[in-house]
Amino acid sequence: MFGLFGIWRTFTTVVFYLTLVIALAGLVGNGIVLWNLLLHVKKGPLSLYLLHLAIADLLFLACQVAFSIVQAALGSEDTLYFAVAFVGFSAGLWLLAAFSAERCLSELFPNCCQGCRLTADLPALPRSQHHVAPGSGLLRLPAVLAGMFGLFGIWRTFTTVVFYLTLVIALAGLVGNGIVLWNLLLHVKKGPLSLYLLHLAIADLLFLACQGCRPRHTSAILCIVIWGLTLPAVLLPANACGLLRSGTRLLTCLHYHAASITWLLALVCVTCAAGLVLFIWVSCCSQRQRPKFYGITLGSMLLLLFCGLPFVLYWSLRPLLNFLLPMFPPLPTLLACINSSARPLMYFVVGRQPGRREPLRAVLQRALGEGSQMGAGGLALPMGHM
């Protein structure tokens, strides 16, 4: 009995200090990434998600380091630490899902994100494909008519149809979510689950309002919305289940916790589905070169599956796992720290060119910066329009 207890104490001590060392290394790595993204890397819509993701990882790792030091000094662990640290982790999960989904959609439908600028932002085409008689005061015909009998014309026709179909559906969704939001605010008695539906209607309304003509600052707005939604989405279930205070309201805890588990698993599914679709599209269907952030998207998906998902499961089944598997709780925290700390190393591997010695700033600029991206038909499209 005493031998098993000694082995268990040794195991938890090793995992504790290993977690602390990895978290400290991750703090340094994410600090370097954040410094370069803020000051030296040319940012675009997608790299803005990575900037906020580095902030979320930094917050999570800083909480882990601070709470580990407090735990080592006082010899006790407070459930408040776990809830506060999970805010940073869940914000990173939201941001990773948004980044992966936008990277996937911008590769599948590169022109739909700029459909309202088909004539204004279209790169110059050969005269045989795109010609307007000089001196005509009429608006230019859409480029889709210029290549009517070629593959370019067929592709532009398809993307234009998808664009206007998206616009019609977005308008209908705006009306529908507006009605839902009006009734939830004024006429429906709100409970724990309906409060999530209220915030979901607001998020859908913001998303649909940005469709059709993608505003320049859509990524920044989405990042702000994600940070705003993360706090209540984590702290409300934590408060109801007694992680922030001594009392526990069982029925309310079950309602909030069920909603929390649902949206967490939904974010994991969105991230993995976007990465899988992007991998299949680039490997089997696309004739263009690998898109920007392709390696980062796939690497982040694998890190989430093997290192981030156990922490999500631990949040979802914490009381049960603490009772049935007391040796399990330290491992998800260790894996979550690996998930957040390995991202800077992944950026370095993606941006590094074999056989060349370069400054770290140049490597991160290549991995995280956004320049020109190849669009449909091999035309260079600015990443700011994607």
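The values are calculated or read from the model by the stated rules, or taken from the named source; none is laboratory data. Quick caveat, the model's predicted, so the values are computed rather than measured. SASA here: full protein model, heavy atoms, side chains in, ligands and nucleic acids out. Shrake-Rupley method; radii C 1.70, N 1.55, O 1.52, S 1.80 Å.
A P(r) calculated from all alpha carbon pairs of the range 1-92, with 10 Å bins opening at zero, reads 16, 37, 27, 14, 5, 1 percent. Take residue 285: with every protein chain present and a 1.4 Å probe, its accessible area is about 70 Å².
Solvent-accessible surface of protein heavy atoms, probed at 1.4 angstrom with all chains present, puts 198, 39, 80 in the order 39, 80, 198, largest first. Largest first, the residues 43, 292, 189 sort by 1.4 Å accessible area into 189, 43, 292. When all protein chains stay in place and ligands, DNA and RNA are ignored, the 1.4 Å accessible-area order of 263, 281, largest first, is 281, 263. Roll a 1.4 Å probe over the protein heavy atoms and report the accessible area of residue 204 in Å², nearest 10. So the heavy atoms of residue 204 present about 60 Å² to solvent. Debye calculation, C-alpha points only, no solvent: report log10 I(q)/I(0) for the range 219-354 at q = 0.09, 0.11, 0.14, 0.15 Å⁻¹, in the same order as the q values. These q points yield log10 I(q)/I(0) values of -0.37, -0.54, -0.82, -0.91. Here, the range 244-307 is characterised by an Rg to Rh ratio of 1.26, where Rg is the alpha-carbon radius of gyration and Rh the Kirkwood radius.
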